[in-house]
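Each value in this text was obtained by applying a stated rule to the coordinates, not by laboratory testing. Computed from a predicted model, the values in this text were never measured in an experiment. Heads up, the Cβs are rebuilt from the backbone with ideal geometry, glycines too, and the neighbour counts pull from every protein chain shown.
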Ligand SMILES: NC(=O)c1ccc[n+]([C@@H]2O[C@H](COP(=O)([O-])OP(=O)(O)OC[C@H]3O[C@@H](n4cnc5c(N)ncnc54)[C@H](OP(=O)(O)O)[C@@H]3O)[C@@H](O)[C@H]2O)c1
């Protein structure tokens, strides 16, 4: 019997890679689609199946993490074997501008989903997308035993979601697992996150379409991995007999400045010629250094990262240059859904 999964955040970076992975394993995948006035399915266009396709393996449903009743209805109807909660207002800087919304969707949203699992009485396994931002100012290297000290509304909301997941596991015996993932990027990373903002700008500067790139703090140290490898870890966590919490990271670190230099160099450019500082991109409270220790995931899940941050910067620049060339030549056309 093939398995069924429900993914919140299926239209996001991780959701799109996870949907691909599960489809390749023979799952039927249901994705939660939030209502938007513009198309928000671009990342899953290549695996999209028309509602009229007989026996389709990917199905999208309108719902929202702010609507608990919709979540109960969806879970009761689908009866998934696995639920991946990847939906979130996931931008740290933006969470300072919309703290209550971030708390509602990123924090309470996880509780709504867990409560919907409990209320619908289904037998399922739950993955919660926890984040290295929960560690905040706790010094590196960070692992599953490191105390949390979040430094943003996003980090606070993720800590709430983390402990809610642990509580539903302890109180109700749910198979609920936290994946504490350190930063992971790809050509599908949201365009306003620093790595993608950099690699898109490199492609545009390279094509003569952009002159300057404005950034905030270049000294932040991050542990950047490759998103398709990280969704594999999510899946592995839900295949374990017992629920648990796992850090997923490369253990390697670089500053934003180093990533920047590598990305510009990948296109034969010198970053100092183009990058300027704008304080508007600074966070009111910063997270200085995140470097993960993923020893437990390696030991218990057999998971290991392959792609390092430098290779990641290069592959993202290559992808953004190719995408831009396809757009400029008219070879790439937006698909209507
Ligand atoms: N990428 C990382 O480095 C990283 C690290 C640790 C943890 N995480 C967490 O892992 C998850 C996936 O990350 P990602 O990089 O794939 O994020 P992302 O690209 O920003 O995707 C977020 C997803 O959540 C959806 N969403 C937003 N608000 C929602 C709402 N009210 N109801 C339902 N869905 C909603 C978005 O829908 P739209 O497409 O319509 O906007 C999108 O599908 C997130 O929870 C993120 O916080 C990410």
| task | Kindly provide the set of residues from segment 77-131 that are near the ligand (Cβ under 10 Å from one of its atoms), in a loop (DSSP other than H, G, I, E, B) and surrounded by 20 or more Cβ atoms within 10 Å (Cβ to Cβ), ordered by number. | result | 86, 87, 88, 89, 90
| task | Name every residue in segment 35-47 that is out of contact with any helix residue (DSSP H, G or I) (no Cβ under 7 Å at 6 or more places or on another chain), within 11 Å of the ligand (Cβ to nearest atom) and assigned to a helix (DSSP H, G or I), in order of residue number. | result | 42
| said: For the structure I just gave you, tell me whether residue 57 is closer than 27 Å to residue 187 by Cα, more than 20 Å from the chain's Cα centre (by Cα), more than 10 Å from the ligand (Cβ to nearest atom) and crowded, with 17+ Cβ neighbours inside 10 Å. | reply: yes
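Yes/no per residue for (1) more than 24 Å from residue 129 (Cβ to Cβ); (2) surrounded by fewer than 19 Cβ atoms within 10 Å (Cβ to Cβ):
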site: 189; (1), (2): no, no
site: 207; (1), (2): yes, yes
site: 233; (1), (2): no, no
site: 253; (1), (2): no, no
site: 263; (1), (2): yes, no
| said: Given the condition without any contact (Cβ under 8 Å) to a residue 12 or more places away in the chain, within 11 Å of the ligand (Cβ to nearest atom) and over 25 Å from residue 236 (Cβ atoms), answer yes or no: does some residue in segment 149-163 qualify? | reply: no
| message | Based on this model, can you work out whether residue 145 counts as more than 13 Å from the ligand (Cβ to nearest atom) and either in contact with a strand residue (DSSP E or B) (Cβ under 9 Å, 6 or more places away or on another chain) or closer than 23 Å to residue 248 by Cα (or both)? | response | yes
| task | Could you pull out the residue among 74, 32 that is within 8 Å of the ligand (Cβ to nearest atom) and within 22 Å of residue 161 (Cβ to Cβ)? | result | 32
| task | Kindly indicate whether any position in segment 20-29 is away from the ligand (no atom under 16 Å from the Cβ) and either in a helix (DSSP H, G or I) or touching a helix residue (DSSP H, G or I) at 6+ places or on another chain (Cβ under 6 Å) (or both). | result | yes
